[in-house]
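Only one structure is covered here, and it is reproduced in the block below.
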Amino acid sequence: MSMLYIWNPCLNEDKTRLELIITRGDSDQVGNGSKEFVASLVKGMGLSFLPQRWSIQSYRCNFYSEYWQEEGWKSKWDFVWRLTAHFDRPVNPPDLKAPYLETDETDDYSPLVESYKQPPYQCLVIAQYLSQKQVEAAASKMVGDREIEAARRAVGAPAPVIDLLRLNARQFQLRAVIGAGGEEFFLSDYPARMVAMLAAGGAITHAER
């Protein structure tokens, strides 16, 4: 048994699609999600039946990193996984007493389970807000700011892929995939400028543990 953390699970409006973030505890064995692995995760959140289908994508993200103030880029941009699960009927929202759930789970023995450790790494930027108006304004600025656009073009990144999620009545998250690459990408001006812009707009850009 190995420990992982589950963060910020949220449901779509009809409560049939669940999305959450997984971070490392004493395990980093997360692949594309074996049936046993996904079953253990949903059970750990108090859900009683399996999704019909699911996907898991790996990223480097500094929102959940414990070491985002460290100098090394790998400490700032730690590995996370984004699980999206689709159910054939509505599910009750997981009731986490804290922002995350510590869970002892079986390692994921999916094929290519450690392939995420090789570049290019997808870069996931997350910002949290207290209103829907704020999160929508931030999404607009991400694709309309001249300095951000110049930094994006300098590294040849595509336009951000942005999702706006409601965690609860008072918390909203922007999750954006802003590009991919290795050390050169993550040390470029683009990711840091994007996070700084969101923070200047009132976002929480680093989760509290």
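The values are calculated or read from the model by the stated rules, or taken from the named source; none is laboratory data. Bear in mind the structure is a predicted one, so any value in this text is a computation, not a measurement. Virtual Cβ from ideal backbone geometry, glycine too; neighbours counted across all protein chains shown.
Data overview
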quantity	calculated
Filter pass, residue 87 being among the aromatic types (Phe, Trp, Tyr), in contact with a Lys or Arg (Cβ under 8 Å, 6 or more places away or on another chain) and modelled with pLDDT of 95 or more	yes
Test: residue in the stretch 164-185 that is in contact with a helix residue (DSSP H, G or I) (Cβ under 6 Å, 6 or more places away or on another chain) and in a helix (DSSP H, G or I)	no
Filtered residues of the stretch 63-73 (kept if more than 21 Å from residue 102 (Cβ to Cβ) and touching a residue at least 40 places away in the same chain (Cβ under 8 Å))	73
Qualifying residue in the stretch 116-126 (condition: of a type outside the set (Asp, Glu), surrounded by fewer than 20 Cβ atoms within 10 Å (Cβ to Cβ), over 29 Å from residue 4 (Cβ atoms) and in contact with a strand residue (DSSP E or B) (Cβ under 9 Å, 6 or more places away or on another chain))	no
Residues within the stretch 73-112 that are within 27 Å of residue 184 (Cα to Cα) and over 20 Å from the mean Cα position of the chain (by Cα), tallied	1
Some residue of the stretch 135-143 being touching a strand residue (DSSP E or B) at 6+ places or on another chain (Cβ under 6 Å), among the small types (Gly, Ala, Ser) and in a helix (DSSP H, G or I)	yes
Residue count for the stretch 144-163, restricted to those that are out of contact with any Ser or Thr (no Cβ under 9 Å at 6 or more places or on another chain) and not in a loop (DSSP other than H, G, I, E, B)	10
Pairs where the first residue, in the stretch 152-163, is closer than 18 Å to residue 141 by Cβ and the second is surrounded by 12 or more Cβ atoms within 10 Å (Cβ to Cβ) and of a type outside the set (A, V, I, L, M, F, W, C), C-beta under 6 Å, 6+ apart	152/190; 157/179; 163/175
Answer residue from the stretch 41-72, given it is among the hydroxyl-bearing types (Ser, Thr, Tyr) and within 20 Å of residue 112 (Cβ to Cβ) and is farthest from the chain's Cα centre (by Cα) among those	55
Residue pairs meeting the criteria (Cβ under 6 Å; at least 6 apart or on separate chains; first over 19 Å from residue 116 (Cα atoms), in the stretch 1-25; second of a type in the set (Asp, Glu) and in a strand (DSSP E or B))	1/104; 10/19
Of residues in the stretch 50-108 being polar (S, T, N, Q) and more than 18 Å from residue 19 (Cβ to Cβ), the one surrounded by the fewest Cβ atoms within 10 Å (Cβ to Cβ)	69
